[in-house]
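The values are calculated or read from the model by the stated rules, or taken from the named source; none is laboratory data. Computed from a prediction, not measured in an experiment: that's the story for all the values here. Here the Cβ is made from the backbone with ideal geometry for all residues, glycine too, and neighbour counts use every protein chain on show. Heads up: the accessible areas ignore ligands, DNA and RNA and are worked out on the full protein's heavy atoms, side chains in. Shrake-Rupley method; radii C 1.70, N 1.55, O 1.52, S 1.80 Å.
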Amino acid sequence: MGSDSWLLGMVCFDTVPETIVEDVLEAFLQNGFATHAGQAKGLEAVEERIYRDSEVGSRSGSSSPDGNVKVWYDADDGYTHSNRNYTVDFRLSDPADDIAPITIRGPGDWLDHTTQDHDVQAQIEALVDAFEALTEAIDPWMAILAIMPDGRKVPEGNPPDHGIEKLPFVTVFGEESFDHFGGREHVLDTPVYETRLLDTGSVLVRVRDMPIVKLPLDEGPPGSPEKHLLEGLSADDRDRFVDPFRDLEDGGLATDPVMCEAHAPFEWDEMDYKLFPDLPDRDEHCHVICVRREGAKLWEAHNGEFIRRLVDESGEPIGELPESVPPDQEFISTAIRSAYEEDPPMHMYRMDATEEPSVYARLRGMDAVPRGESIWENRDTPAATREQSSQN
């Protein structure tokens with residue numbers, strides 16, 4: 001995190017409420033913030049400063065202010081909260097020409113838990129509550145609260161051309177958004193840390209508990225928020241499975257992260273992914289094996305031994321096991337996931353040749369079975385741990 005990242009809030013609206021400066025400041029002041037030391041502490045004095053500094057007029061006139069005010073987190077918890085200052089920018093003279101007439105800027109380094117000697121969760125909760133309060137007062141068509149730069153796109157115009165492909169930390173969707181995202185109830189059901197129905201009818205969507213990755217991370221129920229909103233998927237799609245190796249061309253090579261029955265964290269009577277209580281963590285597997293596709297089956301590329309069948313959308317393997325292969329000698333693949341999750345990264349598994357590891361294999365290592373040996377020769381470690389390589 002640190003100085004290369006910062007907090008950005010964007011509040012997108014077209015009509016300026018009469019008491020907008022007061023409303024924004026009240027949202028912060030009622031949720032643990034104060035005006036910055038060095039500025040007048042009174043609400044009226046801060047408002048007058050903004051209108052006085054505006055190039056377009058005074059508060060008593062019909063024009064709107066352009067200016068900024070600083071607020072700071074004022075928790076009395078015994079800690080010195082460094083870098084807790086936020087700047088609220090008002091560009092209200094011509095809101096129709098400005099995608100976000102109000103922006104909020106803040107430092108990123110205080111969000112980095114590795115640099116803190118105290119828990120910053122209280123400040124995060126106060127910030128989210130203040131953001132909720134000010135969006136209820138303004139009723140924007142969209143508002144976001146994000147860490148930048150973070151690979152997130154910011155709005156580019158009113159829905160549906162909003163430009164968001166990956167949800168930021170907090171998004172407030174206004175009434176105009178619901179037709180594009182499956183309705184208000186569908187937005188409320190987004191698989192995230194929390195959603196809030198605001199008094200205005202808008203919905204606040206908070207992706208996780210922290211704006212940064214702080215383990216253990218609470219991201220709410222499993223699933224892809226983007227698929228839920230942008231592709232119209234629902235919780236029912238948890239029962240629709242995606243096997244990325246169905247996209248592998250016949251005869252093509254790839255590395256498959258697999259797990260055998262003996263090492264799986266659950267038991268099963270048959271190979272049916274929808275019956276598994278939970279797929280293992282994506283980082284858990286017995287082996288990363290180079291496989292070759294032949295029809296609906298995957299075979300170890302070095303010795304031609306059977307690995308597994310491809311899996312259809314219902315979670316069941318396609319076709320029958322090869323003759324002489326017992327059911328307990330079919331691997332499950334941790335690359336398979338439900339349609340509700342992020343897309344499986346097939347490009348990371350694909351290989352051009354057996355001696356050229358995939359991107360995934362370079363990161364995780366790849367097991368090579370010597371020619372003529374069986375994957376199952378050593379039942380204590382039932383696969384090719386005999387010759388593991390890890391390449392960077």
Checklist entry - What's the extension gain from Glu231 to Thr15 if we count 0.36 nm per residue and subtract their Cα-Cα distance? => result 74.7 nm
Next on the checklist: Applying a 10 Å radius around every beta-carbon, put 268-277, 123-132 in order of their mean neighbour count, most first.
Outcome noted: 123-132, 268-277
Item to check | region 287-358 - percent relative contact order, Cα under 8 Å, separation 6 or more | outcome: 19
Checklist entry - What accessible area per residue, rounded to a whole number of Å², is obtained for region 255-312 using a probe radius of 1.4 Å? => result 42
Checklist entry - Expressed as a whole percentage, what fraction of the accessible surface of region 252-369 belongs to carbon and sulfur atoms when a 1.4 Å probe is rolled over the protein heavy atoms? => result 45
Item to check | Packing rank of 192-198, 88-94, where each peptide gets the mean count of other beta carbons within 10 Å, highest leading | outcome: 88-94, 192-198
